[in-house]
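Structure, as structure tokens:
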Amino acid sequence: MATDISTAAPTSETPSAGRRRLPPELSILGVMIGMMLLFEVLGWIFVGQSFIANPLRLKIMILQEAEIGIIAVGVTQVIISGGIDLSSGSLVGLTAMVAASLAQTAGFTHAIYPSLTGLNPIFPVAAGLVCGLIVGFINGWLIAFTNIPPFIATLGMMVSARGVADWYTNGQPIGNLTDSFAAIGAGWWPVIIFLAVAFVFHIALRYTRYGKFTYAIGANPLAARVSGINVERHIVVIYMIAGLLSGLSGIVHTARAISGQAGVGVGFELDAIAAAVIGGTSLSGGVGRMTGTVIGAVILGVLTSGFTFLNVDAHYQEIIKGGVIVAAVVADQYRQRRRKGG
Amino acid sequence: MATISPSTAEIIRQSGAVPGAEYLLEVSNVRKTFPGVLALDDVSFRLKRGHVHALMGENGAGKSTLMKIIAGIYTPDSGSFKLKGQEIKLSSPLDALRYGIAMIHQELNLMNYMTVAENIWIRREPLNGFGFVRHDEMRKRTKALFERLDIPLDPETDVRDLSVANRQMVEIAKAVSYDSDILIMDEPTSALTEREVEHLFKIIRTLKAQDKGIVYITHKMNELFEIADEVSVFRDGRFVGEHAAADVTRDDIIRLMVGREITQMFPKETVPIGDVALSVRGLTLEGRFRDVSFDLRKGEILGFAGLVGSGRSNVAETLFGVTPATSGAIAIDGKEIAIKNPGMAMDAGMAFLTEDRKESGCFLLLDIMANMQMALLRHGYARAGFVKEREIEALCQQQKARLRVRTPDLEEPVLNLSGGNQQKVLIARWLMTRPRILILDEPTRGIDVGAKAEIHKLITELAGQGVAVMMISSEMPEVLGMSDRILVMHEGRMTGIVDRNDATQVKIMELASQ
């Protein structure tokens, strides 16, 4: 889009149409590379080996962030529209249960639905996604039509969805899943799924009407309404997409763990929000890019695996991670203030 | 003469000593500019002890600005202040309070979730030895204050449970509680019923008897003659004259308020007026306006005049479906249509430039192109959801050139543009939808003269192309200069439609301030 400016008939009134703006992701990309280099140096000093030149570690690092990343793709859109979604982590737990209950091996005597075993993996996947859509619809409907703040609506959903997940089997984990279902979480699949959804919604945000309206609603909901946008309907769609992606994340997680557990995904929503915010998405709405969120998710992964690599105590890891998130928001505020000032 | 400090003034006031100056307050040669606007130009004002001094003038004449300067909210660029003959300098509202100047704002400044007593004594709560608030004492003081002013309210009520009129009373009591010598009231009756106004006037008379000076801003002539001793008239940021209320008539005041020469030239052209494009009958939005009826023809510019708050913008919002009507009929090109949301209005060929650029117009964080295309996207320009970037960009470039938006490129965030250029971007947004009915709410507010003239020219051009234009404006010269007919509103009712040839400032002002 940015490059199209040169192909449009340049009028005499655009003296500096060629002025290039650097994409804002460059600075966080720099932070990411800097962080990796820092771990590389610290690695040679303290552990005596390379951080980067270790494919296995890189793979683990990316894999563990893929599930967060899939959620973050949805949450980024919610935040750009001026909202927030706290229910994603609980939704991962709920879809894990629903999907797992339909993915048990044929003939397993203690199956949740003994008559529905050995199904094609399409069924558990579809059930999980539908579950995500329904929860997202409820979130969106509450926010759009009852005027309660997104924080409250999704906080309520966060508690309720976890409750449903626990109720589903009285807290019992669901095991004996089919190999074909487990294959979804094997190898590089989670990463491929993450990058695929990130790409799809990157395109959607930048080149479709859906994306333009999302930014518009986040930047100024009243002006969006006066411009003829059906704000309420659009908000419902955005939260449904966020729910769908949380469901997808729950499916991937279940397939990877080859077991459905009601307690999984706790805190995922906050990591996903952190990835979006580190990636430059503004919590006040109207600003954000998918590429930034992908880098934000990778930064979280680099932090975790870097500290583990250096044998840093888990408590310290959390403390520093918290600091990085706050620093990202401070930097964002600073950028905004400078923009308003200049 | 040396200036005295706020704290000295406070001590003098509390000692009860009464310096013998005739004027409580003398303000001279005050000048105040805001970016791009000269709000007050060499204005002087005097307030006598025990008098009510009314301030009158059109919207934007400078009354409120002057009062905000006297209340310490704005700092003037130049000018001098004398309080009871002593030179003073105000640098904050708190200073003003300590000098004994209290202002009751038009928009109420109470904290809704606190009680009446807490609101009145905020920052001055009676404390016990441990620094805790003594609620019983606070209640007692409030009761005493209310008795003095004859206000029948319970000090323990939460402010959010009060009616607007009662909140107004609390504001007045609060101002009185500072034992101020000077009370400034900015349109205190705008939300009051007749009985409540009577009550307010009783309070004002009590205060007068206590030798306080009261500055009373109003648009209502009858109030002026009932309560005021003097009246000062303002026009376009200038002081026009001071008169004893008994010596002037209603017509005198109106003449003073509007008696300006129209120096500005408007590019108005007579164009053939076509068929009725928009027909409105008995349009009502409960609580805002009622029974508005008019026809708007192709090629016609229908001006909407009236004071701020008279319901003009509400009519526009209702026509465009932002706040759907509670009753009445709208017909477009002869076909009746119930407009329930802005999308429906747009589909019927309408466009609406809102009054408040920042609040309901711009997407400040987004770039120019995103801002321009947002309304257009409803009318297609997308294939399978994908926006036709090239075509839209070409349209945006075209609009940018046509409206002369001053920016290096279309990717500049709208935040960085001047008010005039932001307005042009918004106009471009609507022109791109090729509207047949264009509603403009204050199309040139707060923008510089050059951009103003360009926008006026554009409006004329559009009318020439057969677009039906409805233009709300608080600027009398603009309304008179641009409109074919002028609809005047007052307190939610239309008080008349005046033809261009019969329209004078006096006539419009009479209709607007019955």
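Only the coordinates and a few stated rules stand behind these numbers; no lab work does. The structure presented is a predicted model; accordingly, all values stated were derived computationally and were not measured. Note that we place each Cβ from the backbone using ideal geometry, even for glycine, and neighbour counts take in every protein chain shown.
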Nearest-ten-degree value, helix B:449-464 long axis tilted from longest Cα axis of chain B: 40
Can you find, among B:Leu285, A:Phe151, A:Leu244, the residue farthest towards the positive end of the dipole of the protein assembly as shown? Put +1 on the C-beta of Lys and Arg, -1 on that of Asp and Glu. A:Leu244
Sum up the charges of everything whose Cβ sits under 13 Å from the Cβ of A:Glu232, counting Lys and Arg as +1 and Asp and Glu as -1, but leave A:Glu232 out. +3
Could you tell me what percent of the DSSP beta bridges with both partners in the protein assembly as shown are antiparallel, to the nearest 5? 60
Show the residues, 5+ positions off or on another chain, whose built amide H is closer than 5 Å to the amide H of B:Asp77. B:Arg31, B:Lys32, B:Thr33
Magnitude of the charge dipole, chain A, Cβ model with Lys/Arg +1 and Asp/Glu -1, debye to 20: 1040
May I ask for the longest run of chain A untouched by trypsin sites (Lys or Arg not before Pro) that are loop-located per DSSP and have at most 13 neighbouring C-beta atoms (other than their own) within 10 Å? A:22-342
For the stretch B:367-433, with only Lys/Arg (+1) and Asp/Glu (-1) charged at the beta-carbon, what is the dipole magnitude about the Cα centre, in debye rounded to 20? 300
Towards the positive end of the charge dipole of chain B, with charges on Cβ (+1 Lys, Arg; -1 Asp, Glu), say which of B:Phe34, B:His51, B:Val308 has the farthest Cα. B:Phe34
Nearest 10, in degrees from 0 to 90: the angle of helix A:122-146 to the longest Cα principal axis of chain A is 50
Longest exposed-loop-site-free stretch of chain A, with chymotrypsin sites (Phe, Trp or Tyr not before Pro), DSSP loop and at most 16 other Cβ within 10 Å? A:189-342
Convex hull volume of the Cα atoms in the protein assembly as shown, per residue, in Å³? 228
Calculate one ³J(HN,Hα) per residue across the stretch B:68-77 by plugging θ = phi - 60° into the Karplus curve 6.51 cos²θ - 1.76 cosθ + 1.60, and present them in order as whole Hz with x for glycine and proline. 5, 5, 5, 8, x, 7, 9, 9, x, 6
How big is the gap, in Å, between the Cα center of the stretch B:280-334 and the Cα center of the stretch B:347-419? 26
Is the shape of the stretch B:367-433 rounded, prolate or oblate, going by the alpha carbon gyration tensor and its root eigenvalues a ≥ b ≥ c, with a/c under 1.5 for rounded and a/b larger than b/c for prolate? prolate
How do B:His490, B:His135, A:His315, A:His253 rank when sorted from fewest to most other Cβ atoms within 10 Å of their own Cβ? A:His315, B:His135, B:His490, A:His253
Calculate, in nm to one decimal, what B:Ser327 and B:Ala453 gain on full extension: separation in residues at 0.36 nm each, minus their alpha carbon distance. 41.6 nm
Against the longest alpha carbon principal axis of chain B, how many degrees, from 0 to 90 and to the nearest 10, is the axis of helix B:389-403 turned? 60
Where trypsin sites (Lys or Arg not before Pro) fall in DSSP loop in the stretch B:66-150, at most 15 other Cβ within 10 Å: B:Lys89, B:Arg123, B:Arg124, B:Arg134
Between the stretch B:123-156 and the stretch B:40-61, what's the alpha-carbon centroid distance in Å? 34
Can you compute the charge dipole magnitude of the protein assembly as shown about its Cα centre, using +1 on each Lys and Arg Cβ and -1 on each Asp and Glu Cβ, nothing else charged? Give it in debye, rounded to the nearest 20. 1220
So who's got an amide H within less than 5 Å of the one on B:Met471, skipping anything under 5 residues away but keeping other chains? H placed 1.01 Å off N, in plane. B:Leu302, B:Gly303, B:Phe304, B:Leu440
Within chain B, what is the longest stretch that has no GluC sites (Glu not before Pro) placed in a DSSP loop and near at most 11 other beta-carbon atoms within 10 Å? B:287-514
Assign one of three labels to the stretch B:227-331, namely rounded, prolate or oblate, based on the Cα gyration tensor with a ≥ b ≥ c the square roots of its eigenvalues; rounded applies when a/c is under 1.5, prolate when it is not and a/b is larger than b/c, and oblate otherwise. oblate
Which net charge results for the neighbourhood of B:His490, defined as the other residues with beta-carbon distances under 11 angstrom from its beta-carbon, given Lys and Arg at +1 and Asp and Glu at -1? +1
What list of ³J(HN,Hα) values in whole Hz, one per residue of the stretch B:192-206 in order, does the Karplus curve 6.51 cos²θ - 1.76 cosθ + 1.60 (θ = phi - 60°) give from phi, with Gly and Pro shown as x? 9, 7, 4, 5, 5, 4, 4, 4, 4, 5, 4, 4, 4, 5, 4
Assign one of three labels to chain A, namely rounded, prolate or oblate, based on the Cα gyration tensor with a ≥ b ≥ c the square roots of its eigenvalues; rounded applies when a/c is under 1.5, prolate when it is not and a/b is larger than b/c, and oblate otherwise. oblate
Say each of A:Glu318 and B:Asn416 gets a label point 7 Å from the Cα, pointing the same way as Cα to Cβ; how far apart are those two points in nm? 4.3
Would you grab the residues whose amide H sits under 5 Å from the one on B:Leu24? Only those 5+ places off in sequence or on another chain, please, with H modelled 1.01 Å from N. B:Leu47, B:Lys48, B:Arg49
Cβ-Cβ cut-off under 10 Å around A:Gly185, Lys and Arg +1, Asp and Glu -1: the net charge is 0
Applied in sequence order to the stretch A:36-51, the curve 6.51 cos²θ - 1.76 cosθ + 1.60 (Karplus, θ = phi - 60°) yields integer Hz couplings, x standing for Gly and Pro, of 5, 5, 4, 5, 4, 5, 4, x, 5, 6, 9, 10, x, 8, 7, 7
Mind jotting down the distance between the C-alpha centroids of the stretch A:276-340 and the stretch B:193-261, whole Å? 60
Rg/Rh ratio calculated on Cα atoms of chain B (Kirkwood radius): 1.02
